[in-house]
Every structure is written in structure tokens, then in C-alpha cells.
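Q: So that we are looking at the same thing, I have put the structure below in C-alpha cells.
The values are calculated or read from the model by the stated rules, or taken from the named source; none is laboratory data. None of the values given here were measured: they were computed from a predicted structure. Note that each Cβ is placed from the backbone with ideal geometry, even for glycine, and that neighbours are counted across all protein chains shown. These area figures cover heavy atoms from the full protein model, side chains too; ligands, DNA and RNA do not enter into them. Shrake-Rupley method; radii C 1.70, N 1.55, O 1.52, S 1.80 Å.
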Amino acid sequence: MSWLEGTIVENRHWTDALFSLRVEGVNLRFAAGQFVRIALDVGGERVARAFSFVNPPRDPVLEFYGVIVPQGPLSRRLAQLKAGDALYVAPNPAGFLVLSEVPQAETLWLVSTGTGIAPFLSILRTDEPWQRFKNIVLVHAVRHSAELAYKELLEKMPVRYVTMVSREAHPGSLSGRIPAALRDGRLEEKTGLKIDASSHFMLCGNPDMLRDTTAALAERGLRKHRRRTPGHISVESFW
């Protein structure tokens, strides 16, 4: 495989652990919601990890949102990159958390934890969701309010933007975890929308959230979406 070499134009640090890389010089075709492997050479070996695109496909500058993994071989080095540094990008984006795989629905629920918000930022900056769905909700759950990255961008969009903060009280945000807010009705109350068979959920985040949210939705009669057996829940997990 021939890696593509890009150049860092910005490395924004949201917190001590969260960062966003903007990369130019790489020409890639991808669908909003997909991911790609990015890499650095470490100790003579090319070390790669999958990152979702934050930018929409029409933007020539790629953007990736990441978190430093303690003792991880790559993330700490990515967080230290500066403008002008090189970054390798794989030539083969992949992933099925894309709207072309989503059946028609009245309300699209984009549900994320942490850096799992990345693919939804890409999707929301395309025309398709606004043309296809009557209502669009973005749920972003984090531990601390400082981790609500891209909040200013999202507040300018017509999306129903719901934040959840689990480890501190934060004005305007729901507390606790996503599955609990589904079960006790707080998400429906916050958005003014009913969760039923006219809803489609796209989930991206940590494995516990994916498992427990899928289970909570199953209790409401919703099921995983597959091409052969259409349903209401699409999931992305590349942890």
C-alpha cells in the first residue's frame, strides 16, 4: 500500500488530552461518516490508527479529532505535531456509518460519546441529512464540560444539539449516561421528539455506550439495521 503524505496546518488542543489535527496536501475521496488510518513512523515502524473524518468531503483540508491514550504508541505523538510536520494517511477510507446505508426516517438521531462525535460533524456539514430528515438530533456525551469540543460550531447549526456531562453539573446539559436518559425519557423531553419506529439512530463511541444504548433502544422495539433486514440502529465501532 502506498501511503499518502500530508502536512499539518493546525493542531488544536481542546484539553490536555483532546486534540484536532488539520492536514493539507492529501487528495482523498470519501463519504461523510467514514474513517481512515493515519500514521507516523515510530522506532523504524509505521504505526497507524483509524480516525474518522471531521471535515466534509468537499473540504480539501482533512481534519481528525483524537484523544491521548496513556502508554499508546501513536496518540501522544500525534498530539505533539506542529504546523509543517508530516503525517501519513492511508489511501483507502472505509466504514458504513454513512447516510447511504441509512433507510428513510422522520428523525435522525446522531448519538456519540467523546471523540465519537467526529463522523457526525462530517455528516452534518453535507446537504444530505437536511434534505432527507424532518428532524436531526445530535447527542454528545462526555465526562467533563471542557470536553464538549466543537460546541460553538454545533450551536450555529439547526440541529437539535443535546449535551450530556456525567461527572459534573453543567448548565443546559443532561447528567448521567445516554442509556439512562433513553430509559427515563429525558432525551425525548429535552428534544420534544418521540423515539419510535419513525426514528433512526446512528451510534459512535465507546463500546459500553454502543452495547447499552442498543439494548435500551431494543427495549423500545428498535433493532439493528442490516441491508437484508432493515432496522433503526446503525453502529460504528473501531475501538
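Q: Please work out how much length the chain gains when fully extended from E24 to W130, using 0.36 nm per residue of separation minus the C-alpha to C-alpha distance, in nm with one decimal.
A: 35.4 nm
Q: Please tell me the relative contact order of the chain in percent, rounded to the nearest whole number, where contacts are Cα pairs under 8 Å and at least six residues apart.
A: Reported as a whole number, the value is 18 percent.
Q: Could you look at the chain and say what percent of its accessible area is carbon and sulfur, using a 1.4 Å probe and all protein chains?
A: C and S atoms contribute 48 percent here.
Q: Additional query: Taking only the C-alpha atoms, wrap a convex hull around segment 137-232 and report its volume per residue in Å³ as a whole number.
A: Hull volume normalised by residue count: 113 Å³.
Q: Heavy-atom accessible area per residue, the chain, 1.4 Å probe: how many Å²?
A: Value returned for the chain: 48 Å² of accessible area per residue.
Q: How far is it, in nm, from the label point at S175 to the one at V61 when both lie 7 Å from their Cα along the line to the Cβ?
A: Output for this residue pair reads 4.0 nm.
Q: May I pose another question? Within segment 147-167, list the residues whose amide N lies under 12 Å from a label point set 7 Å along Cα→Cβ of E10.
A: Label zone hits: 150, 153.
Q: Here's another thing I want to ask about it. At 1.4 Å probe size, put L203, L193 in order of accessible surface, largest to smallest.
A: In descending accessible area the options line up as L193, L203.
Q: Out of L153, H140, I178, whose Cα points farthest toward the positive end of the dipole of the chain (charges: +1 Lys, Arg; -1 Asp, Glu; placed on Cβ)?
A: I178
Q: What fraction of the DSSP beta bridges in the chain is antiparallel, stated in percent and rounded to the nearest 5?
A: 50 percent
Q: For K156, which lysines qualify as cross-link partners when the Cα separation must be under 28 Å and same-chain residues fewer than eight apart are set aside?
A: The reachable lysines, counting only those whose Cα sits under 28 Å from K156, are K134, K190, K194.
Q: Here's another thing I want to ask about it. Rounded to the nearest 500, what is the 222 nm mean residue ellipticity of the chain from helices alone, with -39500 (n - 2.57) per DSSP H run of 4+ residues and division by all residues?
A: -4500 deg cm²/dmol
Q: Then there is this: How far, in nm, would the chain grow between M157 and S198 when pulled straight, counting 0.36 nm per residue and subtracting the alpha carbon separation?
A: That pair, M157 and S198, stretches by 12.5 nm at full extension.
Q: Using alpha carbon coordinates only, what is the Rg to Rh ratio of segment 66-175, with Rh defined as the Kirkwood radius?
A: Here Rg/Rh amounts to 1.01.
Q: In nm, to one decimal, how far is the F96 label point from the A218 one, both placed 7 Å along Cα→Cβ?
A: It is 1.7 nm.
Q: Once you list every other residue whose beta carbon is under 11 Å from the beta carbon of V98, what net charge do they have if Lys and Arg are +1 and Asp and Glu are -1?
A: Taking every other residue near V98 into account, the sum is -3.
Q: Related question: Just how large is the dipole of the chain about the Cα centre, in debye to the nearest 20, putting +1 at every Lys and Arg Cβ and -1 at every Asp and Glu Cβ?
A: So the dipole magnitude of the chain works out to roughly 500 debye.
Q: Could you tell me the center-to-center distance, by alpha carbons, between segment 160-195 and segment 73-115 in angstrom?
A: 24 Å
Q: Going from most exposed to least, what order do W109, W130, W3 have by accessible area with a 1.4 Å probe?
A: Ranking W109, W130, W3 by accessible area, largest first, yields W130, W3, W109.
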